[in-house]
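The values are calculated or read from the model by the stated rules, or taken from the named source; none is laboratory data. Just so we're clear, the structure is a prediction, and the values are computed from it rather than from any experiment. We place every Cβ from the backbone using ideal geometry, glycine too, and count neighbours over all the protein chains shown. All accessible areas refer to the heavy atoms of the entire protein, side chains included, with ligands and DNA or RNA removed. Shrake-Rupley method; radii C 1.70, N 1.55, O 1.52, S 1.80 Å.
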Amino acid sequence: MLPEAFLERMRGILGEEYGAFLESYGMGHVQGLRLNPGKVGADGRSAAERFGTAVERAACRAENSGDAAKEAGGGSVRDVGFAHLSAVPWAEDGYYYEAPDQPGKHPFHEAGVYYIQEPSAMAPVGLLNVGPGERVLDLCAAPGGKSVQIAGKLGGSGLLVCNEIHPARAKILSENIERMGIGNACVLNETPERLAEAFPGYFDRVLVDAPCSGEGMFRKSEAAREEWSPENVRLCAERQDSILDCAAGMLRSGGRLVYSTCTFAPEEDEGSVSRFLRRHGEFRILPVEKERLGLKDCDGMPDVLEEVLEQRDCHRLAGSPEAVDCGFGLENALRLWPHRIRGEGHFAAVLEKDGILTEDYRKNNQKITADRNLPEEFLCFCAKYLRLPEDVPDVCSGLAQEVGLGGRLRLMGFGDNLYLAPADMPPLKGLKVLRPGLHLGELKKNRFEPSHALALALRPACAAHVWNLDSSGAEIAGYLRGQTFPAEGEKGWYLICVDGFGTGWGKLAGAVMKNHYPRGLRR
């Protein structure tokens, strides 16, 4: 039940490929997950290292036989708990799964071992070329899949600012950042205009995964089909112009901006990029290494763009007298088609800002407020229940090391709540902040209560007391429902793990492990 106006336009764009495109809608949509490179288990390996290896070995055994298979080593996808994983070619740590696997119901999901994400949506972050220590903005971030992927590229260093304009979606974004154990992310609920005022020329990388008409999701989303209209396509394109202008002002000289959508509409894809480049001569479009990513037949379509927009009277979008300039290199953009790849519809373009990075760039943007004195209750908790390295200068540095954070950090207080945040984060006064960094816990009367976020970020080797539960057992299912269970040992806080991965807190008293899994997350 695809909209007729949509089908008419796609018939004109695709020509002889239209039949194959239409046929793809009779096939079920594909599903994917990404292993979390920042989630470290009791054995000292990350989820990506532990299970990614098992998946690759299983693939090797499937492609080989006899001695060659034996040389691939031990391990199998049974170690992961899913039987149908196969690698997504364009996404590091990305895998397809099939419906019988049901990863959303596995305890590993609640522990942040992986993030469930549509495979095509994994492509834009790889184009950002993020490196450790950089400042990155995900401007339209909810529900958080691309933010989580960026965090994996940062490796615990630098700063990730995730923003979502809609309050309810911003809350979901914050919850996903917490579940994946990310400590160097600041979650905001702001308009792009307000952020542009607060962060001029601040970021090394900016991702604009823009709100769009959602045509690429028609195969998997009935709501996307029902909400579509030509008028909405035009409204989305106008909104994208405004968002991109704000993003341009927040990128530093020589920085990289990736613009992406999940729609096929030329007005919102090549059209938005073309109009942006007309308004911003300091930017140029970069080619995507499509062949290396296994996407060699996924070029942008400037040849059909002008004709399509003229037919739809869209040349004056956002006041631009001309919408298309094929000389901009729009063929270098990336279009993912459901009849060409195993994934849904997606578009992405890589844009680079002119100029070079000045030596005083970091210094000029660094605005550090004084660190908060460490509360005695927090210090007592750390001394009793954490095993911090002895060769570090202070508690914050030791704790940062054990939650996988690098660089300079500071303790921040929001009321009675304590957060660990990158030191060079500018003041957030006046902005709607949902999460300014890693939530450590709350100061209560004569005591400190650790947060769920700390349990998910903490390496099990750092906890003084660990209680491990089997991922297939009844106790972990009961724990996730909020139940207590019998236990013997020293009284106090325990990091509850599932197959070696931190999942939440428990507090042992009177041979009973009291449940501190958050009520709002219980199954």
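Against the chain, whose longest principal axis comes from its Cα atoms, helix 230-250 is set at around 60 degrees. Computed from Cα atoms, the angle from the helix 4-14 axis to the main principal axis of the chain rounds to 80 degrees.
With every protein chain kept in place and ligands, DNA and RNA left out, what is the accessible area per residue of the chain? Probe 1.4 Å, answer in Å².
Result: 42 Å² of accessible area for each residue.
The modelled label-to-label distance for the pair Thr484/Ala383, using points 7 Å beyond Cα in the direction of Cβ, is 2.9 nm. Computed from the Cβ-Cβ distance with R0 of 35 Å, the FRET efficiency linking Arg408 to Lys171 stands at 0.75. Along the chain, counting only GluC sites (Glu not before Pro) with a DSSP assignment other than H, G, I, E or B and at most 14 other Cβ atoms inside a 10 Å radius, the longest segment between sites is 99-281. Roughly speaking, to the nearest percent, how much of the chain's 1.4 Å accessible area is carbon and sulfur? Accessible surface attributable to carbon and sulfur in the chain totals 48 percent.
Rounded to the nearest 10 degrees, the angle from helix 47-63 to the longest Cα principal axis of the chain is 60 degrees.
Candidate cross-link partners of Lys444 among the aspartates and glutamates, defined by an alpha-carbon separation under 18 Å and a same-chain spacing of 8 or more, comprise Glu376, Glu377, Asp416.
So if each residue of separation counts as 0.36 nm, and I subtract the Cα-Cα distance between Asp43 and Ala509, what length gain in nm does that give?
Full extension of this stretch gives 165.0 nm more.
Full extension of the chain between Gln102 and Arg447 gives 120.2 nm of extra length, using 0.36 nm per residue less the Cα-Cα distance. For the residue pairs Lys384/Lys491; Lys153/Lys296; Lys39/Lys432; Lys146/Lys171, alpha carbon separations beyond 19 Å are given by Lys153/Lys296; Lys39/Lys432. What the Cα atoms of region 201-310 give is an Rg and a Dmax of 14.8, 42 Å. Compactness of the chain, taken as the C-alpha radius of gyration over 2.2 N^0.38 Å, stands at 1.02.
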